[in-house]
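These notes concern the structure reproduced below.
The values are calculated or read from the model by the stated rules, or taken from the named source; none is laboratory data. The model shown is predicted, which means the values in this text are computed figures rather than measured ones. Here the Cβ positions follow ideal geometry from the backbone for every residue, glycine too, while neighbour counts run over all protein chains shown.
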Amino acid sequence: MDLLAARALGAGLAIGLGAIGPGIGIGLLVLGALQAIGRNPDTSGTVLVNMILGVAFTEAIAIYALVVSLILIFVGI
Amino acid sequence: MRKALTIIIAVGAVVALCGPLTGFLYSGGLGKSPYGALPVVSLPAEAIPIPWFGGKMSNTFFTTLIIDALLLLLVGLGLRHARRGDVRPPKGVLGGMVEMIAEALANFADNVAGQRGKSIFPLVATLFFFILVGNWFKLLPGAESIGILEKPHLANIPAYAPRLIELGPLSFYTVDGTHPVEVEHSDGEAQADTATEAHAAEGEGICTACNITPFIRGVATDLNFTLALALVTMALVQAWGFRSQGLRYLVKFINLPALSKGPIGVIEFAAGLLEIISEFSRIISFAFRLLGNIFAGTVLIFVMSNLIPFILPAGFYGLELFVGAIQAVVFALLALVFINMATQGHGDSSHAAPGEAAHA
């Protein structure tokens, strides 16, 4: 396997595997938020703000994987 | 209700009209017909020549200038309205939309930050409008697809033979997707090449292996833009923290008072040190969240326009409208929340936050 192929493969694996956890996490977050809103629709404003905040922090982990794969593709090693 | 219906119809019309046109221009003509070329995916911004002055600037910087001009125009219109002492709600679609968005943001700031919301709101609204206009600007038909015909600067960009198209009085060049050409990268000739290729668009001399460097490119597809926004935002968060708490703000990071509490205090001190790392990771996640989402959207439309060039890209175009707005909201909201967290002291944060949330 030459270097270019290895980097392409690594980049794909990095974001592919790195997106699994945050995907599950964001699903759980939205599940909880929707259940909370369903139980008490009056709090939807507060729940929504906190949900977006939580989603942003969860998404940050996928972003680290994205950074790694972007570096693998675009930055010369 | 009627307002919402108008907006939905307007968005639908934009998607139906601009979506296919954007896809058409992206694929360099009628898709898989002779003009269709592979998309250019380049993370660094491309350089375009500066008119009249010479030299080069990046196309994202050029787009930023246009967006700045647009936003200043918007501010000017609003100021003219306000100077006249008008307190009536603004008329027209544009005024109504800006007012609606600003009102929603102001309510949001009030809900999250309470008393402090009024002082935080201007920054949050600025960030929101800047990012929103920046994200939507790249969706205009012609953005990221009309540009200079020149030899690609990077090795991994495909190059094609140029093709002249004449439509009545109009004549322009596009790339011929069926004729990929190998680029010979020679460093010695690089200077001479850029000089001749600058004139290529005017028809004096044409390159043999070309691709198109767009004039306008989405600002958030450039890490320089998103990183600058993230740095400014996080610097302002610290500034807000110092302004509202003075030097006590530092206790959040270097928790010396906790050390006097014995063994448990040591753990609190270490947690304070971790806060420093989390501040820096916020810069990274701010910058790369925006970059990743918008850059991925650009690539998505590129690829879809090449696969199925006619109707399908309109759907993804609608998705990109949505993503652009959501990312602007997320950036503004996170800035708001971080500033709010910085203004609340270490001690009173646990009491104040739920109380304010309950009022919201």
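Is one or more of the residues making up the stretch B:284-298 within 14 Å of another protein chain (Cβ to nearest Cβ), in contact with a Gly (Cβ under 7 Å, 6 or more places away or on another chain) and either part of a helix (DSSP H, G or I) or closer than 24 Å to B:Gly218 by Cβ (or both)? Within the stretch B:284-298, one or more residues are within 14 Å of another protein chain (Cβ to nearest Cβ), in contact with a Gly (Cβ under 7 Å, 6 or more places away or on another chain) and either part of a helix (DSSP H, G or I) or closer than 24 Å to B:Gly218 by Cβ (or both).
Return the total of residues in the stretch B:210-221 being assigned to a loop (DSSP other than H, G, I, E, B) and surrounded by fewer than 24 Cβ atoms within 10 Å (Cβ to Cβ). Summing the residues that are assigned to a loop (DSSP other than H, G, I, E, B) and surrounded by fewer than 24 Cβ atoms within 10 Å (Cβ to Cβ) in the stretch B:210-221 gives 2.
Of all residues in the stretch B:244-280, count the ones that are part of a helix (DSSP H, G or I) and free of Cβ contacts under 8 Å to residues at least 12 places away in the same chain.
15
Here A:Ala60 fulfils each of the conditions (1) without any contact (Cβ under 8 Å) to a residue 40 or more places away in the chain; (2) closer than 30 Å to B:Ala113 by Cβ; (3) more than 10 Å from chain B (Cβ to nearest Cβ); (4) of a type outside the set (Val, Ile, Thr) apart from (3).
Specify the residue that is farthest from B:Ile339 (Cα to Cα); the eligible residues are those in the stretch B:224-233 that are surrounded by fewer than 21 Cβ atoms within 10 Å (Cβ to Cβ) and touching a residue at least 40 places away in the same chain (Cβ under 8 Å). Let's see the steps before the verdict.
Of the residues in the stretch B:224-233, the ones surrounded by fewer than 21 Cβ atoms within 10 Å (Cβ to Cβ) are B:224, B:227-228, B:231-232.
Of the ones still in play, those that are also touching a residue at least 40 places away in the same chain (Cβ under 8 Å) are B:224, B:227, B:231.
On the way: B:Asn224: 23, B:Leu227: 18, B:Leu231: 14 Å.
In this case the residue turns out to be B:Asn224.
Condition (residue is assigned to a loop (DSSP other than H, G, I, E, B) and either in contact with a Lys or Arg (Cβ under 8 Å, 6 or more places away or on another chain) or at pLDDT below 70 (or both)) applied to the stretch B:118-138: is it met by at least one residue? Yes, the stretch B:118-138 contains a residue that is assigned to a loop (DSSP other than H, G, I, E, B) and either in contact with a Lys or Arg (Cβ under 8 Å, 6 or more places away or on another chain) or at pLDDT below 70 (or both).
So that you can scan it fast, the table gives a plain yes or no per residue for (1) surrounded by 15 or more Cβ atoms within 10 Å (Cβ to Cβ); (2) more than 20 Å from B:Leu290 (Cβ to Cβ):
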{"position": "A:Arg7", "(1), (2)": "yes, yes"}
{"position": "A:Gly12", "(1), (2)": "no, yes"}
{"position": "A:Gly21", "(1), (2)": "no, yes"}
{"position": "A:Glu59", "(1), (2)": "yes, no"}
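Restricting attention to the stretch A:63-77, the residues that are within 11 Å of chain B (Cβ to nearest Cβ) and touching a helix residue (DSSP H, G or I) at 6+ places or on another chain (Cβ under 8 Å) add up to 9. When residues in the stretch A:24-57 are screened for being more than 11 Å from chain B (Cβ to nearest Cβ), in a helix (DSSP H, G or I) and exposed (fewer than 13 other Cβ atoms within 10 Å of the Cβ), 8 of them pass.
Looking only at the stretch B:46-77, which residues are over 21 Å from B:Asn135 (Cα atoms) and touching a Gly at 6+ places or on another chain (Cβ under 9 Å)? Give the derivation first.
Looking only at the stretch B:46-77, we keep the residues that are over 21 Å from B:Asn135 (Cα atoms), and these are B:49-56, B:76-77.
Selection gives B:Pro49, B:Leu77.
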